[in-house]
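A short write-up of the structure that comes next.
The values are calculated or read from the model by the stated rules, or taken from the named source; none is laboratory data. This is a predicted model, so every value here is computed, not measured. Here the Cβ positions follow ideal geometry from the backbone for every residue, glycine too, while neighbour counts run over all protein chains shown. Only protein heavy atoms, including side chains, enter the accessible area calculation; ligands, DNA and RNA are left aside. Shrake-Rupley method; radii C 1.70, N 1.55, O 1.52, S 1.80 Å.
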Amino acid sequence: MRTLLILAALCNAACAAPLTINQIQFVGSHNSYKKAMLEENMAALEQQNPAAARSLAYEHVELAAQLDLGLRKLELDVFYDSSAGGFIVGHVQVIDMESHCAMLSDCLAQIRAWSSAHPRHVPIWISFNAKDQPIDGLPLPDTFDARAFALLDAELEAALGDVLIRPRDVQALNWPTLEAARGKFLLILDEGGAKREIYWENWISRPMFTNAPLGHEAAAVMIINNPLEEGARIAEMVEAGYLVRTRADADTVEARSGDTAKRDAAFASGAQAISTDYYMDENPFGTGYRVAPVLRCNPRNAPARCEVTE
């Protein structure tokens, strides 16, 4: 009997179920492609809307440099160019379009090249905003309709199709093990309303997950942006098996004040992906606010004996 108990104890330590990708936590960047606005555009915006100008005063290093630092969640905003059948990467039409990769195909090529050089990386999340909202005084973007989404899917498939974790692969929240998911990508359409409704058609064959509400058959990845207000909801979703992205900061507010409450709530919530604009050692406002890139076991749902490395 004593021998059996010893063997059981050893197996508890060494025979634990493999870690799955919903049992880790990491940091990513928000609007990852973004370079600083042109000085003349920022000056004009400061005259017209100082609050908006303050919120847009952030920028990022190149995508590969972010991945080198340990970020594992990227975000790309894309505008549909119906005349060319392609996708332009930028934030706000005309005024905030400075990007480390002007076209989506360029962004994806940069990311894929980095991945090929680091084949053991944990899965990288990439979320997409399909930008077509009208803004007074600015050109009206092309609409994201069914054709646009079909073309977007095709571009994603061409670049990453062989290394995707797909919605059809994780029905009933059946997430792959971390080991099986190394070198792969998880894509998310961060949209609601009519655009999400279009994308839900044939969702099971799509390359991107959607920010689907609880109870929908496609529900698997949640975008819940405010961990201070919705930390309990995030924790509930994580413990139920969902993947969640939240934000540690927004609109330069926390970086300017140095307030870490939202950041700390994001980590405590158990959200797997925590987005920030401030992962570098110093921020431009001199407050010391930072969200250091980490890769760790999830505080909400990882097993007691847990270790994760790249």
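Here are some notes:
- Count of the stretch 67-83 residues which are among the polar types (S, T, N, Q) and buried (at least 24 other Cβ atoms within 10 Å of the Cβ): 0
- Yes/no for ALA53 being farther than 30 Å from PRO303 by Cβ, among the small types (Gly, Ala, Ser), without any contact (Cβ under 8 Å) to a residue 12 or more places away in the chain and open to solvent by less than 10 Å² (accessible area, probe 1.4 Å): yes
- Considering (1) of a type in the set (Gly, Ala, Ser); (2) modelled with pLDDT of 95 or more; (3) open to solvent by 60 Å² or more (accessible area, probe 1.4 Å), the lone condition that GLY137 does not fulfil carries the number (2).
- Failed item in (1) of a type in the set (Val, Ile, Thr); (2) touching a residue at least 40 places away in the same chain (Cβ under 8 Å); (3) touching a Lys or Arg at 6+ places or on another chain (Cβ under 8 Å); (4) under 26 Å from GLY161 (Cα atoms), with VAL238 passing the rest: (4)
- Counting only helices (runs of 4 or more DSSP H) that fall entirely inside the stretch 219-310 and contain at least 3 residues that are open to solvent by 10 Å² or more (accessible area, probe 1.4 Å) and within 14 Å of VAL27 (Cβ to Cβ), the qualifying elements are 261-269.
- The one condition in (1) of a type outside the set (Lys, Arg); (2) surrounded by 19 or more Cβ atoms within 10 Å (Cβ to Cβ); (3) assigned to a loop (DSSP other than H, G, I, E, B) that TRP125 fails to fulfil: (3)
- Residues of the stretch 84-114 classified as surrounded by fewer than 17 Cβ atoms within 10 Å (Cβ to Cβ), among the small types (Gly, Ala, Ser) and touching a residue at least 24 places away in the same chain (Cβ under 8 Å), total: 5
- Filter pass, SER99 being of a type in the set (Ser, Thr, Tyr) and within 30 Å of ARG120 (Cβ to Cβ): yes
- Condition met for LEU214 (farther than 30 Å from ALA52 by Cβ and either surrounded by fewer than 22 Cβ atoms within 10 Å (Cβ to Cβ) or in contact with a Phe, Trp or Tyr (Cβ under 6 Å, 6 or more places away or on another chain) (or both)): yes
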